1. What order do 83, 141 take when sorted by accessible area (1.4 Å probe), most exposed first?
2. Can you tell me the FRET efficiency between residue 153 and residue 60 if r is taken as the Cβ-Cβ distance and R0 is 25 Å, rounded to the nearest 0.05?
3. With every protein chain kept in the model, how would you rank 167, 129 by accessible area, 1.4 Å probe, largest at the top?
4. Which log10 I(q)/I(0) values, to two decimals, does the chain give at q = 0.12, 0.18 Å⁻¹ under the Debye formula with one point per Cα?
5. Over 5 Å intervals from 0, what percent of Cα-Cα pairs in region 53-113 sits in each interval?
6. Find how many whole Å separate the alpha carbon centroid of region 19-38 from the alpha carbon centroid of region 72-113.
7. Quick one: compute the contact order of the chain, relative version, from alpha carbon pairs under 8 angstrom and 6+ residues apart, as a percent.
8. How do the peptides 116-124, 84-92, 55-63 rank, highest first, by the average count of neighbouring beta carbon atoms within 10 Å per residue?
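The values are calculated or read from the model by the stated rules, or taken from the named source; none is laboratory data. As the structure is a prediction and not an experimental result, all values here were calculated from the model. All Cβ positions, glycine included, derive from the backbone under ideal geometry; neighbour counts span all protein chains shown. SASA here: full protein model, heavy atoms, side chains in, ligands and nucleic acids out. Shrake-Rupley method; radii C 1.70, N 1.55, O 1.52, S 1.80 Å.
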Amino acid sequence: MAGSTLDTVAADEARALLASQLLAGRWITSPAVEAAFRRVPRHLFATDGVSIDAAYADDAVITRRGPDGRATSSISAPWLQAYMLEQARLAPGARVLEVGSGGYNAALIADVVGPDGAVVTVDIDADVTDRARTGLDRAGYQQVTVVHGDGEYAHPPAAPYDAIIVTVETPDLPPA
């Protein structure tokens, strides 16, 4: 039964195992990123029908497909998210822009930068931003600002940013 105590226990155990695997693989190297992976419930950002095991596998989770069946949106693989967070060297109080939103990575960022930080996540697809907002609210990260818009233009009202993390496919980076 979805939402049961057994589901919660299974998710907690799967989340702890994933964090331990990322630590063992040296994808996670800082206490702040480790804590975020141990706290943020990845399964709340997956689409309906994704099992707890699949939600916490060290693999991407497809969240949207185009009419041709090709993936158009996903939750990136945890090893890659950990790597990006570690490379960004985020600190408490940092202001961060994420381009490409599934919600989960924005929640990880929000966890790392803490209550004095600011996180804006922007995506060009309204369905993606709607799902991100829903997941963030369910997971308790209401402080993340979700913007439906083109990441090429960032989100000037919240600028300046200490870090920008791009989680979308792009053929190049615009000069802006």
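1. On the way: 83 100, 141 25 Å².
Result, largest first: 83, 141.
2. Details: r = 26 Å, r/R0 = 1.05.
According to the calculation, E is roughly 0.40.
3. On the way: 167 40, 129 10 Å².
Sorted by accessible area, descending: 167, 129.
4. -0.51, -1.20
5. The percentages, shortest bin first, are 4, 16, 26, 23, 16, 9, 4, 2, 0.
6. If we compute the Cα centre of each part, the gap is 13 Å.
7. Details: 294 pairs, mean separation 34.7, N = 176.
Here the relative contact order equals 20 percent.
8. Details: 116-124: 21.6, 84-92: 17.1, 55-63: 18.7.
Packing order, densest peptide first, comes out as 116-124, 55-63, 84-92.
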